[in-house]
Amino acid sequence: MAFLDGELSAERAQSLSTHLQQCPECSSLATEQRGLSHQLAGWQVEPVPERLKERLTAATMKNYTSAKPIVGSAVERRRPTLRFGVEVASAIAAVLLVLAIATPNLMRSRMAANEASAVGSVRTLHTAAVSYFDTYGHYPPSLKSFGPSPGGIANEDGAGLIDDTLARGGPKSGYLFTYQRTLAERGNGRGGYTINADPLEPGKGGWRHFSTNQTGAILADGFDLGGPSWPEKSNEHGRGATGERETVGRFAETSPLIARTAELKLVVEKLDEAREGMDRILLQHKGYVAHLSASAESGLPHMVVASLRVPVDQFDICLAELKELGHVTQESQAGEEVTQQHMDLLARLKNSRNTEVRLSEVLRQHNGPIKEILDVEKESARVRGEIEQLEAEQQTLEHRVHFATIELKLAEEFEAQLSTPSPSVRSQLRNAGVNGFRSAFQSLLALVLFLAESVPSLLLWLMILSFPGWLLWRRYQRSLRMGSQAAI
């Protein structure tokens, strides 16, 4: 085909022409190709009929007229819409970036504040437990006993030492609080307690778990945070009582130690006279009242509940005289032998004192590095704290032996009334008004607290989102104007 079309060079064309003269097959093929080229050159397209040509031209013009504004409008609208979408995506990405940076810091600050509040609440509960023990002679049975009393008068069931939220166990600052009392066991005559503070949502409200007990040491996930142990007494007081306790210890080696208790319920004609008689009996036998509560509610029998402590040698005589105050409805007595517990306590106390003496000798004779001296002093301070705690437990145990406990309940003879007078209309209206004002004040206070807590965060996010929002609004208005101009 290149030879027939004249596209070969002169030398190759001469060589191919010589070959065609000698080869019949190639010569025949060249002849056919020349004929085909002449046929194609002479071929012409038949003209389109006029009727078909007119129909195609009319249809083309119609489609062009209807499609032109649509295509133009779509192109004009697509560009601002695409730009608007890119800007929206950019603004959202910026907001997400700010949130990704700020949220972890805010969460860490919040958890740190919650953990600090939890530690403060644990210290508050420990202080309340110590105050409760000093007042009533034992640790409270539950958190509810720490809280306010329903009647407004502090008692064993509601000492009024903490607020109502903490008395319910929270939640407070993202933490839940639990309390468990441990009864007296061997080597621990006063009993104890355990307080735990656990995060409500671990990882969100706080990470660490806090706990403490009667020693006052606060632990965070099992590690000591530091703090005073209880009870705290002077060294002079502990040494001054050593001789008396050693005498009691020698007595315990030969005689059993019995902690005697009794429970007595009486029905009396006149409660005031019975109470005066109780005070007179205690004064006569050198006893005292450890705890007392009285109730005089309308429609209910008046009664006095008291926990009395009397010398053990006056226990039987005092109990017999108390029975004469009224009619006995219930009586029970018990005796707990604490000899082994007392001996174990003395042995531990002796070992701790010997350890303290050896540590003191090491401090006097040691001339090594300062770090070693500080370590010895730290261990000596720990042993001194253990000695003071053991001495306090010994004192409590010996007090239980020397002073018997009488749980006394005096109830006045009750005469039921036919009807109970109802409050006057004036009192009811006044109470309703007071309750209404109190509710309104509480609602207003709750609103103010909500605004005080939420407004700073809202202002912060408003400042962060104001510029992207303004930019989006501006782009949106521009796209509306362009759309209206395109429509016109």
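The values are calculated or read from the model by the stated rules, or taken from the named source; none is laboratory data. Treat the numbers as computed from the prediction; the structure is a model and nothing was measured. Note that each Cβ is placed from the backbone with ideal geometry, even for glycine, and that neighbours are counted across all protein chains shown. Heavy atoms of the whole protein, side chains included, go into the accessibility calculation; ligands, DNA and RNA do not. Shrake-Rupley method; radii C 1.70, N 1.55, O 1.52, S 1.80 Å.
Give all pairs with beta carbons closer than 9 Å in which a residue from region 360-385 that is touching a residue at least 40 places away in the same chain (Cβ under 8 Å) and within 19 Å of residue 350 (Cβ to Cβ) meets a residue that is surrounded by 13 or more Cβ atoms within 10 Å (Cβ to Cβ) and acidic (Asp, Glu); count only pairs at least 6 apart in sequence or on separate chains.
Here the result reads 384/356, each pair linking region 360-385 to a residue that is surrounded by 13 or more Cβ atoms within 10 Å (Cβ to Cβ) and acidic (Asp, Glu).
Condition check ((1) at pLDDT 85 or above; (2) touching a strand residue (DSSP E or B) at 6+ places or on another chain (Cβ under 6 Å)) across all residues:
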| position | (1), (2) |
| --- | --- |
| 336 | yes, yes |
| 345 | yes, no |
| 348 | yes, no |
| 364 | no, no |
| 370 | no, no |
| 373 | no, no |
| 389 | yes, no |
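Do you know which residues across region 41-50 are in a helix (DSSP H, G or I) and either modelled with pLDDT of 75 or more or at positive phi (or both)? Break it down into steps so the answer makes sense when it comes.
Of all residues in region 41-50, those in a helix (DSSP H, G or I) come to 41-42, 50.
Result: 50, single match.
Kindly evaluate residue 273 against the criterion of being touching a helix residue (DSSP H, G or I) at 6+ places or on another chain (Cβ under 8 Å) and of a type outside the set (A, V, I, L, M). Lay out the reasoning, then the answer.
Values: touching a helix residue (DSSP H, G or I) at 6+ places or on another chain (Cβ under 8 Å): no; of a type outside the set (A, V, I, L, M): yes.
Taking the combined requirement at face value, the residue does not satisfy it.
Select, from 132, 139, the only residue that is open to solvent by less than 40 Å² (accessible area, probe 1.4 Å), assigned to a loop (DSSP other than H, G, I, E, B) and in contact (Cβ under 8 Å) with a residue 12 or more places away in the chain.
Details: 132 fails: assigned to a loop (DSSP other than H, G, I, E, B).
Only one candidate passes the filter, namely 139.
Quick check on residue 435: is it of a type outside the set (Ser, Thr, Tyr), surrounded by 10 or more Cβ atoms within 10 Å (Cβ to Cβ) and touching a Pro at 6+ places or on another chain (Cβ under 9 Å)?
Values: of a type outside the set (Ser, Thr, Tyr): yes; surrounded by 10 or more Cβ atoms within 10 Å (Cβ to Cβ): yes; touching a Pro at 6+ places or on another chain (Cβ under 9 Å): no.
No.
For residue 159, state whether it is under 20 Å from residue 292 (Cα atoms), open to solvent by less than 20 Å² (accessible area, probe 1.4 Å) and not hydroxyl-bearing (Ser, Thr, Tyr).
Numbers: under 20 Å from residue 292 (Cα atoms): yes; open to solvent by less than 20 Å² (accessible area, probe 1.4 Å): yes; not hydroxyl-bearing (Ser, Thr, Tyr): yes.
The answer is yes for residue 159.
Condition check ((1) of a type in the set (S, T, N, Q); (2) on the phi > 0 side of the Ramachandran plot; (3) open to solvent by less than 70 Å² (accessible area, probe 1.4 Å); (4) in a loop (DSSP other than H, G, I, E, B)) across all residues:
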residue: 304; (1), (2), (3), (4): no, no, yes, no
residue: 316; (1), (2), (3), (4): no, no, no, no
residue: 330; (1), (2), (3), (4): yes, no, no, no
residue: 342; (1), (2), (3), (4): no, no, yes, no
residue: 351; (1), (2), (3), (4): yes, no, no, no
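Taking residue 305 as meeting all but one of (1) closer than 15 Å to residue 401 by Cα; (2) at pLDDT 90 or above, write down the number of the exception.
Here residue 305 meets the rest and fails (1).
Assess whether residue 404 counts as being outside any helix (DSSP H, G or I) and either in contact with a Ser or Thr (Cβ under 6 Å, 6 or more places away or on another chain) or farther than 30 Å from residue 297 by Cα (or both). Walk me through it before giving the result.
Working: outside any helix (DSSP H, G or I): yes; either in contact with a Ser or Thr (Cβ under 6 Å, 6 or more places away or on another chain) or farther than 30 Å from residue 297 by Cα (or both): yes.
Judged against the criteria, residue 404 is a match.
Would you confirm, using the coordinates I've provided, whether residue 297 is open to solvent by less than 70 Å² (accessible area, probe 1.4 Å) and either more than 11 Å from residue 410 (Cβ to Cβ) or in a helix (DSSP H, G or I) (or both)? Reasoning before the result, please.
Working: open to solvent by less than 70 Å² (accessible area, probe 1.4 Å): no; either more than 11 Å from residue 410 (Cβ to Cβ) or in a helix (DSSP H, G or I) (or both): yes.
Answer is no for this residue.
What about residue 193, is it within 27 Å of residue 407 (Cβ to Cβ), crowded, with 17+ Cβ neighbours inside 10 Å and either within 19 Å of the chain's Cα centre (by Cα) or at pLDDT below 85 (or both)? Break it down into steps so the answer makes sense when it comes.
Values: within 27 Å of residue 407 (Cβ to Cβ): yes; crowded, with 17+ Cβ neighbours inside 10 Å: yes; either within 19 Å of the chain's Cα centre (by Cα) or at pLDDT below 85 (or both): no.
No; evaluated as a whole, the condition is false for this residue.
Which one of these is modelled with pLDDT under 90, within 30 Å of residue 158 (Cα to Cα) and within 43 Å of the chain's Cα centre (by Cα): 359, 325, 300?
Numbers: 359 fails: within 30 Å of residue 158 (Cα to Cα); 325 fails: within 43 Å of the chain's Cα centre (by Cα).
Just one listed residue meets the conditions, 300.
Applying the selection to region 273-294, what residues are more than 46 Å from the chain's Cα centre (by Cα) and open to solvent by 80 Å² or more (accessible area, probe 1.4 Å)?
Of everything in region 273-294, those that are more than 46 Å from the chain's Cα centre (by Cα) and open to solvent by 80 Å² or more (accessible area, probe 1.4 Å) turn out to be 273, 275, 276, 280, 283, 284, 286.
Out of 37, 27, 73, which single residue is open to solvent by less than 60 Å² (accessible area, probe 1.4 Å), modelled with pLDDT of 75 or more and among the hydroxyl-bearing types (Ser, Thr, Tyr)?
Values: 37 fails: modelled with pLDDT of 75 or more; 73 fails: modelled with pLDDT of 75 or more.
Answer to the check: 27.
Quick check on my filter: what residues within region 4-18 are closer than 15 Å to residue 30 by Cα, open to solvent by 60 Å² or more (accessible area, probe 1.4 Å) and small (Gly, Ala, Ser)?
Result: 6, 15.
Looking at (1) in a helix (DSSP H, G or I); (2) open to solvent by 30 Å² or more (accessible area, probe 1.4 Å), which one does residue 409 not meet, given that it meets all the others?
(1)
Can you name the number of the only condition in (1) part of a helix (DSSP H, G or I); (2) touching a helix residue (DSSP H, G or I) at 6+ places or on another chain (Cβ under 8 Å); (3) surrounded by fewer than 16 Cβ atoms within 10 Å (Cβ to Cβ) that residue 166 fails?
(3)
Would you confirm, using the coordinates I've provided, whether residue 475 is over 30 Å from residue 357 (Cβ atoms), open to solvent by less than 70 Å² (accessible area, probe 1.4 Å), of a type outside the set (Ser, Thr, Tyr) and in a helix (DSSP H, G or I)?
Values: over 30 Å from residue 357 (Cβ atoms): yes; open to solvent by less than 70 Å² (accessible area, probe 1.4 Å): yes; of a type outside the set (Ser, Thr, Tyr): yes; in a helix (DSSP H, G or I): yes.
In short, yes.
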